[in-house]
Amino acid sequence: MAGNKPLRKVLFMPIHWAYLVVLVLILVTFFFLFYPRVESFFIYFPQSHFDFSPEEFRLQYKEVFFNTEDGKRLHGWFFPAEKHSPVILHFHGNAGNISHRLDLVQPFLRKELSVFLVDYRGFGKSSGRPSETGLYQDGLAAWSYLVETERIAPERIVLHGHSIGAAVAIEVALQKKVGSLVIESAFTSTKEMAKTMTLFALLSPMFPSHYNNLEKIPRVSAPKLIVHGQRDEIVPFAMGLRLFEAALDPKFFYPVKDAGHNDVFIVGGEKYFEVFAEFAREGKIAGR
């Protein structure tokens, strides 16, 4: 009996390897079938109820609803300034809703810049569920609302995208005529973001490059302002630099010292809004 043990090992080894191969195939299949849903789970954190209202900030506004090409009903707040002023079309980050962006409005209005805050599908009062393709459609629908309903000339529209909103702004800039593009705290792609996260770093080579801003930004012809906090704890500052380097002229880079991911305009203070307003009106920044 003892002499048969090596034979058993030889006989059973191929079966064990077969199980392992099957397991790997199952895991790979599961990954590619369900990765888009898993990615969405880790990317989007929408909130339906509003924590703040324009009335609390004593802001005059117009509440609007408009539709996307695929039939989703989106919600937004339009804050008009002077009749012929630039209009900031703001695309927010991956969490909360437009009620959490109201503290941006008054400083922009003081610079005589109109502001349009919009919620993506699944955020706030907007219908549907978020996805990469869906967010791009939402951005295009917001542009169309300004041009077709509010009769805003395209060259007056300044796209402003924060974090994941930067990807939306870049996509709209590629498809529509705009005055200029401002991206803030932007990442290069979700694949490269995964490399910076311990949970996903080992699997990141298998991830598709969704929200691929680095690939797209060289094709944007409008003037570009890239803003990034030098202490961004979520999106590495180096990603902002890489996007700037990949972009074509006219382009400008505005680093904000001591700013993190979500507090760039707070840390930047009045200087931030001065730089923003100058770029919105002139498409450039003096001395840069």
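The values are calculated or read from the model by the stated rules, or taken from the named source; none is laboratory data. All of these numbers come straight from a predicted model, not from anything done at the bench. Quick reminder, even Gly has a Cβ in these numbers, built from the backbone with ideal geometry, and neighbours come from all protein chains shown. The protein model used for the area step is the full one, side chains on, heavy atoms only, and it has no ligands, DNA or RNA in it. Shrake-Rupley method; radii C 1.70, N 1.55, O 1.52, S 1.80 Å.
Things to note:
- Per the listing Ile266, Ile226, Ile183, Ile170, the residue uniquely open to solvent by 30 Å² or more (accessible area, probe 1.4 Å), at pLDDT 95 or above and β-branched (Val, Ile, Thr) is Ile266.
- Residue within segment 49-56 that is farther than 19 Å from Arg151 by Cα, open to solvent by less than 60 Å² (accessible area, probe 1.4 Å) and more than 22 Å from the chain's Cα centre (by Cα) present: yes
- Odd one out for Asp258, checked against (1) more than 18 Å from the chain's Cα centre (by Cα); (2) closer than 18 Å to His160 by Cα; (3) among the acidic types (Asp, Glu): (2)
- Per-region count, segment 143-162, residues in contact with a strand residue (DSSP E or B) (Cβ under 8 Å, 6 or more places away or on another chain) and open to solvent by 10 Å² or more (accessible area, probe 1.4 Å): 9
- Selected residue (only one of Val64, Val87 is within 23 Å of Ile152 (Cβ to Cβ), in contact with a Pro (Cβ under 9 Å, 6 or more places away or on another chain) and either of a type in the set (S, T, N, Q) or at pLDDT 95 or above (or both)): Val87
- Test: residue in segment 97-113 that is open to solvent by 30 Å² or more (accessible area, probe 1.4 Å), in contact with a strand residue (DSSP E or B) (Cβ under 6 Å, 6 or more places away or on another chain), among the charged types (D, E, K, R) and part of a helix (DSSP H, G or I): yes
- Any hit, segment 269-286, residues being open to solvent by less than 10 Å² (accessible area, probe 1.4 Å), more than 17 Å from Val182 (Cα to Cα) and either part of a helix (DSSP H, G or I) or at pLDDT 95 or above (or both): no
- Evaluation of Phe108 against the conditions (1) under 21 Å from the mean Cα position of the chain (by Cα); (2) closer than 25 Å to Tyr211 by Cβ shows that the sole unmet condition is (2).
- Candidates are the residues of segment 228-261 that are of a type in the set (Gly, Ala, Ser) and in contact (Cβ under 8 Å) with a residue 40 or more places away in the chain; the one that is nearest to Lys216 (Cα to Cα) is Gly240.
- Whichever residue in segment 123-142 is assigned to a helix (DSSP H, G or I) and hydroxyl-bearing (Ser, Thr, Tyr) and, among such residues, is nearest to the chain's Cα centre (by Cα): Tyr136
- Check on Tyr145, at pLDDT 95 or above, within 17 Å of the chain's Cα centre (by Cα) and not small (Gly, Ala, Ser): no
- Pairing residues of segment 56-80 that are in a helix (DSSP H, G or I) with residues that are modelled with pLDDT of 95 or more, at Cβ distances under 6 Å and at least 6 apart in sequence or on separate chains, gives Phe57/Leu102.
- Tyr120 falls short on exactly one of the conditions (1) more than 24 Å from Glu270 (Cα to Cα); (2) in a strand (DSSP E or B), and that condition is (2).
- Hits in segment 237-251 (condition: among the hydrophobic types (A, V, I, L, M, F, W, C), touching a Pro at 6+ places or on another chain (Cβ under 9 Å) and part of a helix (DSSP H, G or I)): Phe237, Leu241, Ala246
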